[in-house]
Amino acid sequence: MSAFDPVAADKFSFGLWTVGNPGRDPFGGPVRPTLDPVQLVEGLAACGAWGVNLHDNDLVPFGASATERDNIVARFKAAVKRCGMCVPMTTCNLFSHPIFKDGAFTSNDPAVRAFAVRKCMDALDLAHDLGSSVFVFWGGREGTEADACRSPIVAVRHMREALNFLCGYVKERRYDIVFALEAKPNEPRSDTYFPTTGHMLHFISTLQHQEMVGVNPEVAHETMAGLSMVHGVGQAMEAGKLFHIDLNAQKIGRYDQDLRFGSEDVRGAFLLVRLLEGSAGNAPYTGSLHFDAHAYRTEDQQGVWDFATGCMRTYKILKARAFAFDADPEVRDLLGGQGNTALNDALAAGWSLERGAALRAAVIDPDAIGAKGLRYERLDQIMIEHLLGARG
Ligand code: GLT
Ligand code: MN
Ligand code: MN
């Protein structure tokens, strides 16, 4: 067994919709057979994944009777148990059925909003039944083309009402579940409400039970918005709001590609893993590491398992590279020396008359500081050399 082979302690998970993606795209139909959820669980277990995540309708078809549902769920739970896996996250499909064509929680029609909330209540029951501790909300249809159709102010209010309602449901049922909100700037809608993780973070602070709501940033979605995933995730971690993460890869300026983790922007992936693992000294993220990606359309089922294995191996290789980088004596030297610690402590302690006076009295030479090189060229080159395997 190689050091980069996945083990349960890594907490790697995949959605049924990821390894089960048959390769359909807007220009062509499926290129792979649709596998049964039980086959997908078995395949994931064979690859060494720890968890399997799902939408309600990835498992239970829309409109199934209660008996059908119970039989499907019982069979699936038995497979998960037999394979030694778990279902760390469940979510609700609020985007496929035509009723959601103009949004779910933000639809103008109260009947659509009620239907969406009710569907989530059922999906939360399923999440509890499967033992999930996180419930993701991805509002794929919460947006517009004809923007005159609704005020964005009203859309935000309706979104808040739905989430407050569902937080109330979870509390009433005493489910041990938290919510994670996933942003995306566009696709399938022309413009999505709450387009970035930053928008979500502020919105969460306006909710009734904000302590049970965090974010689920996705590499592809932040990249589509032209933003730094690492910075967004860092802000979420600092706020104690990184409840889940969707790992994949994406080229800038493209449709949502959901590529194999680390297959594009390797340095972005490296910096993300470094942050999540805390190799630079920050508190690490301890939740599950979910891959929301799918195999190229060129692949058959074996290629899908190659893809899944690749996501996990690349994560572990980057993790080893991150720790090697942060342990490198030259890196420690370059990042060491935090400057004037008295000023640092005064700023951290906050305003007081005394500290205000101390700041005014401190000897600070702006020209000397401005003239000094920071040696980031060297730092970045060392990082590249670690990444390319030429060092450490
Ligand atoms: C869909 C979307 C993803 C979301 C999933 C959860 S479904 O595949 O593209 O980004 O995370 O609803
Ligand atoms: Mn996602
Ligand atoms: Mn995506």
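The values are calculated or read from the model by the stated rules, or taken from the named source; none is laboratory data. Just so we're clear, the structure is a prediction, and the values are computed from it rather than from any experiment. Here Cβ is always computed from backbone atoms with ideal geometry, including for glycine, and neighbour counts include all displayed protein chains.
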Completion exercise
N21: passes all of (1) in a helix (DSSP H, G or I); (2) touching a residue at least 60 places away in the same chain (Cβ under 8 Å) but (1)
Handout entry: Residues that are within 16 Å of ligand 2 (Cβ to nearest atom) and either outside any strand (DSSP E or B) or without any contact (Cβ under 8 Å) to a residue 60 or more places away in the chain (or both), drawn from region 277-292
Key = G287, S288, D292
Practice task
Scan region 276-285 and give yes if some residue there is within 16 Å of ligand 1 (Cβ to nearest atom), at pLDDT 95 or above and closer than 29 Å to V213 by Cα, otherwise no.
Solution key: no
Handout entry: Residue list for region 34-53, restricted to those being in contact (Cβ under 8 Å) with a residue 60 or more places away in the chain and either in a loop (DSSP other than H, G, I, E, B) or out of contact with any Gly (no Cβ under 9 Å at 6 or more places or on another chain) (or both)
Key = L35, G43, A46, C47, G48, A49, W50, G51
Handout entry: Top-ranked residue of region 54-84 - restricted to ones that are in a loop (DSSP other than H, G, I, E, B) and of a type in the set (A, V, I, L, M, F, W, C), ranked as nearest to V41 (Cα to Cα)
Key = C83
Problem - Residue under evaluation M237, criteria (1) under 21 Å from L318 (Cα atoms); (2) within 16 Å of ligand 1 (Cβ to nearest atom), criterion not met - result: (2)
Practice task
Output yes when any residue across region 237-249 is in a loop (DSSP other than H, G, I, E, B), under 13 Å from the mean Cα position of the chain (by Cα) and away from ligand 2 (no atom under 16 Å from the Cβ), and no when none is.
Solution key: yes
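Restricting region 102-142 to residues that are aliphatic (A, V, I, L, M) and outside any helix (DSSP H, G or I), which is surrounded by the fewest Cβ atoms within 10 Å (Cβ to Cβ)?
V134
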